[in-house]
Amino acid sequence: MQKIEIEHLTKYYGSKLVLNDVSLNIADHEVVSLIGASGSGKSTLLRCVNDLVPFDNGVIKLDGLSIHDEKFSRHDLYKRLGIVFQSYNLFPHMTVLENITLAPCKVHKRPKNESVEYALELLGLFDLDGFSNAYPEQLSGGQQQRVAIIRAMANKPDVLLLDEITAALDPELIGGVLSIIKNLREKGMTMLIVTHEMGFARDVSDRICFLDGGQIIEEAPPAKLFSNPENPRTKQFLQRIIESGRL
Amino acid sequence: MISKGHGRFPKSGRKLRFRDKYLPSIISISSVLLVIFVISLAVTSAEQWPRIKAQFFDINAMIDVFPKVLHGFGINMAIWAISLVVIAIWALILAIFRTLHGPWFTPLRIFSIVYIDLLRGLPSLLLVLLFGFGIPALQMKGLPSSSIFWGSVAMISSYSAYAAEVYRSGMEAVHDGQKAAAKALGLSQWQTLRYAIIPQAIRNVIPSLLNLAVALQKDVALLSVLGVRDAVREAQIYTARTFNYSSLIAAAVLFLIATIPLARLTDYVTQKDRARRLQKTI
């Protein structure tokens with residue numbers, strides 16, 4: 001069963017082609033990572049999936065139904081697709097708990113005590129006990145990003161989209177965030193991940209897509225892609241990563 | 001650990017010498033006094049000074065008129081306080097109208113744009129005259145006919161146009177990532193404004209809104225042209241009766257007593273706001 005089907009996706013920013021006829025399927029419980037140089041279109045692709053960025057051509061389906069289908073209410077789409085951003089984007093004027101329970105209470109109309117209970121449970125699970133009444137600016141970057149992951153999880157989504165979630169973090173804080181993602185993988189969460197952390201992509205993914213110039217030019221399981229890439233552009237990219245000591 | 005924003009300087013090991021500690025204050029105080037002395041000497045040595053002094057700075061006249069001017073000033077402050085509340089709400093509504101997108105909201109958006117353009121483009125005095133004399137003259141049933149009411153409506157209308165633009169700039173200053181996050185959580189356009197954008201926008205614009213509040217505090221005196229017996233009007237009545245202008249000075253002092261603390265408060269809030277932003281970007 002395919003969870004997400006991306007078919008012939010094309011996207012322009014003005015006259016610049018950023019996604020060129022991209023097709024990609026993600027099965028239920030599968031973890032797929034998008035890697036590639038800056039400007040290769042990976043973040044745009046990710047943001048197209050939950051309709052944050054409009055696209056010009058193609059179809060994106062969730063459980064076989066186009067995300068632009070009338071049967072999809074806004075609530076429904078965003079309940080099933082959670083996203084975590086590079087810069088956390090927590091609401092600075094709300095406490096951690098308010099950040100997490102906002103969507104469950106106001107969008108999905110769940111009872112407040114139930115939302116709070118679930119939020120506290122997740123906070124405990126992610127080593128953030130006792131932070132529920134803190135404001136985002138009182139937390140470290142790693143803690144804020146973990147809150148952002150919990151906020152996305154609080155809607156109980158089917159799929160989690162991760163947009164370079166460690167790019168803004170200090171190196172020593174990255175590990176804590178990544179271990180949570182590995183934990184979610186073990187629980188069977190379907191995930192589409194954009195990342196520059198090659199080691200993480202290798203450990204967590206079932207499949208890795210290398211994007212270049214708005215196209216997926218190579219797609220393989222991590223073991224294959226990292227040890228024996230076929231496309232010369234992929235080789236070159238990985239070579240540079242290895243030279244810079246990031247793999 | 002929560003940082004408080006205003007850290008104290010570490011105590012230096014060396015004791016400050018008298019010169020370092022007090023000399024700067026002594027120099028500033030004495031230079032200010034010197035300037036005041038020179039100016040007052042120049043003014044009082046003017047040929048017409050005794051006449052001016054009798055007409056403008058007659059203490060007895062001031063004491064005589066003070067109760068009436070003070071009563072009028074109470075009216076100024078009451079109009080000001082009520083207007084402030086109404087402006088804060090009405091301007092926010094205008095700003096929201098202007099920000100909403102989508103075809104259904106087009107009439108609201110156009111209304112807001114036209115309203116703001118018109119009312120920012122007209123002098124407040126003109127509006128006060130038009131509203132204060134024009135609308136009561138219509139003698140429409142059900143509408144209040146008091147000039148104090150319509151004069152206040154004019155001030156509120158005019159200031160709301162400015163305040164709406166202040167709110168709007170505050171909303172636009174909220175980072176795009178906040179809107180993306182709100183959308184991705186499934187919040188509707190209205191919920192995004194209500195829970196994510198407006199609370200942050202208001203925090204951003206409080207210093208600017210306080211500035212407008214200071215300006216309004218004085219501009220309420222424009223209502224005196226309608227015959228509203230505010231502080232300025234009372235002072236003018238006294239002047240017309242006695243040919244002594246001291247009443248105007250009395251009114252001026254009252255205005256300063258009210259506006260200066262508010263202006264200081266505005267400075268203080270602005271400074272705190274700047275510190276907050278700096279802290280955020282570091």
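I'd like to check which helices (runs of 4 or more DSSP H) are fully inside region B:99-193 and have at least 2 residues that are under 31 Å from the mean Cα position of the chain (by Cα), farther than 22 Å from residue B:224 by Cβ and within 14 Å of chain A (Cβ to nearest Cβ).
B:147-172, B:176-184
Which pairs do you get when a residue that is under 13 Å from residue B:214 (Cβ atoms), found in region B:267-279, comes within reach of a residue that is part of a helix (DSSP H, G or I) and not hydroxyl-bearing (Ser, Thr, Tyr), reach meaning Cβ atoms under 7 angstrom, with the pair 6+ apart or on two chains?
Going by the 7 Å Cβ cut-off, the qualifying pairs are B:269/B:206; B:269/B:207; B:269/B:210; B:270/B:207.
Report yes if some residue within region B:158-179 is of a type in the set (A, V, I, L, M, F, W, C) and without any contact (Cβ under 8 Å) to a residue 24 or more places away in the chain; otherwise report no.
Checking region B:158-179: not a single residue is of a type in the set (A, V, I, L, M, F, W, C) and without any contact (Cβ under 8 Å) to a residue 24 or more places away in the chain.
Among the residues that make up region B:157-171, is at least one of them surrounded by fewer than 18 Cβ atoms within 10 Å (Cβ to Cβ), within 30 Å of residue A:85 (Cα to Cα) and modelled with pLDDT of 90 or more?
Yes, there is a match, as at least one residue in region B:157-171 is surrounded by fewer than 18 Cβ atoms within 10 Å (Cβ to Cβ), within 30 Å of residue A:85 (Cα to Cα) and modelled with pLDDT of 90 or more.
What's the number of the condition residue A:48 fails, among (1) outside any strand (DSSP E or B); (2) closer than 20 Å to residue A:145 by Cα?
(2)
Could you tell me whether any residue of region A:125-133 is out of contact with any strand residue (DSSP E or B) (no Cβ under 6 Å at 6 or more places or on another chain), modelled with pLDDT of 90 or more, crowded, with 20+ Cβ neighbours inside 10 Å and under 21 Å from residue B:199 (Cα atoms)?
No, region A:125-133 has no match at all.
Of the conditions (1) within 21 Å of residue A:82 (Cβ to Cβ); (2) touching a residue at least 40 places away in the same chain (Cβ under 8 Å); (3) not basic (Lys, Arg), residue A:213 fails just one. Which one is it?
(1)
Only helices (runs of 4 or more DSSP H) wholly contained in region A:167-244 count here; list those with 1 or more residues that are touching a Pro at 6+ places or on another chain (Cβ under 9 Å).
Passing ranges, in order: A:198-204, A:232-243.
Could you tell me whether region B:199-222 includes any residue that is assigned to a loop (DSSP other than H, G, I, E, B), touching a helix residue (DSSP H, G or I) at 6+ places or on another chain (Cβ under 7 Å), among the charged types (D, E, K, R) and more than 14 Å from chain A (Cβ to nearest Cβ)?
The answer is no, given that none of the residues of region B:199-222 is assigned to a loop (DSSP other than H, G, I, E, B), touching a helix residue (DSSP H, G or I) at 6+ places or on another chain (Cβ under 7 Å), among the charged types (D, E, K, R) and more than 14 Å from chain A (Cβ to nearest Cβ).
Can you find a residue in region A:152-167 that is modelled with pLDDT under 90 and among the β-branched types (Val, Ile, Thr)?
Scanning region A:152-167 turns up at least one residue that is modelled with pLDDT under 90 and among the β-branched types (Val, Ile, Thr).
Out of the residues in region A:67-83 that are surrounded by 15 or more Cβ atoms within 10 Å (Cβ to Cβ) and more than 9 Å from chain B (Cβ to nearest Cβ), state the one that is modelled with the lowest pLDDT.
Per the stated criteria, the residue is A:72.
The values are calculated or read from the model by the stated rules, or taken from the named source; none is laboratory data. Nothing here was measured: the structure is a model prediction, and the numbers come from that model. Please note: Cβ atoms are built from the backbone with ideal geometry, for glycine as well, and neighbour counts cover all protein chains shown.
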